[in-house]
1. Between Leu72 and Asp98, take the C-beta separation as r, use R0 = 30 Å, and let me know the FRET efficiency to the nearest 0.05.
2. With θ set to phi - 60°, apply the Karplus curve 6.51 cos²θ - 1.76 cosθ + 1.60 along the range 92-99 and write out the HN-Hα couplings as whole Hz, x wherever there is a Gly or Pro.
3. Between Lys109 and Lys82, what is 0.36 nm times their sequence separation minus the Cα-Cα distance? Round to one decimal in nm.
4. Can you give the Rg to Rh ratio of the range 1-49, both from alpha-carbon atoms, with Rh computed by the Kirkwood formula?
5. What lysines does Lys53 reach when the alpha-carbon gap must be under 17 Å and sequence neighbours fewer than 8 apart in one chain are set aside?
6. Can you compute the modelled spin-label distance between Glu31 and Met1, with each label point 7 Å from Cα toward Cβ, in nm?
7. Relative to the present Cα-Cα distance, how much length would full extension add between Asp63 and Gln12 at 0.36 nm per residue of separation?
8. Name the residues whose placed amide hydrogens come within less than 5 Å of the amide hydrogen of Leu55, ignoring near sequence neighbours (fewer than 5 apart) on the same chain.
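None of the figures in this text is laboratory data; all of them are computed from the coordinates on show. Source: prediction; values computed, not measured. Neighbour counts are summed over all protein chains in view; Cβ atoms, including those assigned to glycine, are modelled from backbone coordinates with ideal geometry.
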Amino acid sequence: MHIRKRGNSKFQCIVKFKNKSISKTFNNLKECKQWGHQLEFERDNLHNLTVQKNLTLKDLLEDYLQKFTPTLKDKGLSNQIKRIITHYPYLVHKKVLDIKPIDFINYKKS
């Protein structure tokens, strides 16, 4: 995590996630640090997650939309995810544990 002081007494927090950076600007340093530490905690604990038996792909995509896409400059990804949720119910309503490679092959063909 890197915190940069911006003009107008604002602070920008930058967190590296794999080969990408996620950043957000805050009005005070305390909120900036809290957000950065929370994001680092989530990033570092991804390997400890256990998948719930009833978790669907739609749940994962909506969670991703809520947590990560608001910080992106390009809104194309969020529009693409919303389109997948709307137009491919046979795929997104499947439980994550039940998804097979053939499901993605069928998605690509459609």
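1. Details: r = 29 Å, r/R0 = 0.98.
So the FRET efficiency works out to roughly 0.55.
2. Taking θ as phi minus 60°, the curve returns 6, 8, 6, 6, 4, 5, 9, 6 Hz for the range 92-99.
3. Working: separation 27, 0.36 × 27 = 9.72 nm, distance 1.89 nm.
Extra length from Lys109 to Lys82 when fully extended: 7.8 nm.
4. With Rh from the inverse mean 1/r over Cα pairs, Rg/Rh is 1.03.
5. In chain and number order, the partners are Lys94, Lys95, Lys100.
6. 1.5 nm
7. Full-extension gain reported as 16.0 nm.
8. Residues meeting the criterion, in which the H sits 1.01 Å from N, are Val96.
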